[in-house]
1. Counting Lys +1, Arg +1, Asp -1, Glu -1, what net charge surrounds P56 among other residues with beta carbon under 14 Å of its beta carbon?
2. How long is the gain from D176 to K144 if the chain were fully straight, where each residue apart is worth 0.36 nm and the alpha carbon distance is subtracted?
3. Using a probe of 1.4 angstrom, how much of the accessible area of the stretch 129-266 is carbon and sulfur, in percent?
4. Could you work out how far the C-alpha centroid of the stretch 199-266 sits from that of the stretch 156-191, in angstrom?
5. What aspartates and glutamates could a cross-link reach from K144, if we take a straight Cα to Cα line under 19 Å and drop same-chain neighbours fewer than 8 places away?
6. Residues of the chain: accessible area per residue at 1.4 Å, in Å²?
7. Taking only the alpha carbons of the stretch 41-150, what extent do you get along each of the three principal axes, in Å, biggest first?
8. Rounded to the nearest 500, what is the chain's calculated 222 nm mean residue ellipticity when only DSSP H runs of at least 4 contribute -39500 (n - 2.57) each, over all residues?
Amino acid sequence: MTIKVAIAGARGRMGQEAVHTIMKDQNMELVSVLDYKEIGETLADTKLFPQTFTVPIFMDLTELSSKTKPDVLVDLTSPESVYQHTREALELGIRPVVGTTGFSDEELKELSAYSAEHGIGCIIAPNFAIGAVLMMKFAEQAAKYLPDIEIIEMHHDQKLDAPSGTAMKTASLIADHRKTHNQGHPKEKETIAGARGANYDGMRIHSVRLPGLVAHQQVLLGGDGQLLTIRHDSFNRGSFMSGVALSINKVMELENLVYGLENIID
Ligand SMILES: NC(=O)C1=CN([C@@H]2O[C@H](COP(=O)(O)OP(=O)(O)OC[C@H]3O[C@@H](n4cnc5c(N)ncnc54)[C@H](OP(=O)(O)O)[C@@H]3O)[C@@H](O)[C@H]2O)C=CC1
Ligand SMILES: O=C(O)C1=N[C@H](C(=O)O)C[C@H](O)C1
């Protein structure tokens, strides 16, 4: 069966890569694009894609749904729009595959409840790169033995959310198994606000933003006389594409929301 896919965010860094991935996949058909700006009738009009990419662009998800009937909506947009897109897609019976980061815990809970109640599959993956998923799982396991942890995530300087979705997911996986404890000296004082990073359940998260970077993370686990560093680097956005394709296939089998690629890989 061919999976009919729509995409939101096709003009973006991830979106452009995902358009090519879906167009090349024999089991998928890119049927439509959701945008919020007048950028032309089809992807070909945007000049970002070959003239053969005559995929229609819509500004309204309900119209896109009724005219092109996608099975799946891939969202690679912005923290500002992603919740609304995901909620609307679920209401229209379209399965969301979401790479966009920046959800609150409440939004995730609410979408998860809606998805389960209506039996519609949904995947929200803060990181589609298999190496990043392994980094998170290894950090989760190591935290049992080395519970003093600082996360340093490093991204390109156009990123809108901080900390990254990957850092948040890493911290939440670790927090599920680690006893809450505040790290560092109980009397430590920041002479410049933010010097010690963000506090997630006692763990510290530091966000670096620099031109030249793509997506990188180190999890530092300190013990008496030792340091374990678990590091992952995405050097290009091709690193995320096998996870996007896997999620589009898997979401067709789901009747609930899955948060994190680690829950769908064998
Ligand atoms: N899960 C994963 O593995 C990965 C996730 N990401 C996440 O994916 C998201 C996109 O990243 P990236 O591609 O780098 O960002 P970009 O800014 O390059 O792309 C986002 C695109 O979405 C468009 N957009 C914004 N709002 C809407 C909307 N309401 N409807 C349709 N299109 C919209 C933007 O248009 P305009 O610029 O005109 O506003 C832009 O073209 C981010 O949240 C990022 O964190 C990134 C890499 C990997
Ligand atoms: O904005 C990005 O680029 C990325 N965002 C995701 C995140 O917030 O973790 C995934 C990856 O790190 C790239």
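The values are calculated or read from the model by the stated rules, or taken from the named source; none is laboratory data. Every value quoted in this text rests on a predicted model; they were computed, and no experiment measured them. Cβ atoms come from the backbone with ideal geometry, glycine included; neighbour counts cover every protein chain shown. Note: areas computed on protein heavy atoms with side chains; ligands, DNA, RNA excluded. Shrake-Rupley method; radii C 1.70, N 1.55, O 1.52, S 1.80 Å.
1. Surrounding charge for P56 is -4.
2. Full extension of this stretch gives 10.5 nm more.
3. Answer for the stretch 129-266: carbon and sulfur cover 54 percent of the accessible area.
4. 14
5. Within the straight-line cut-off, K144 pairs with D176, D201, D224, E262.
6. In whole numbers, the chain has 50 Å² accessible per residue.
7. Largest first, the stretch 41-150 extends 55, 36, 22 Å along its Cα principal axes.
8. That comes out to -9000 deg cm²/dmol.
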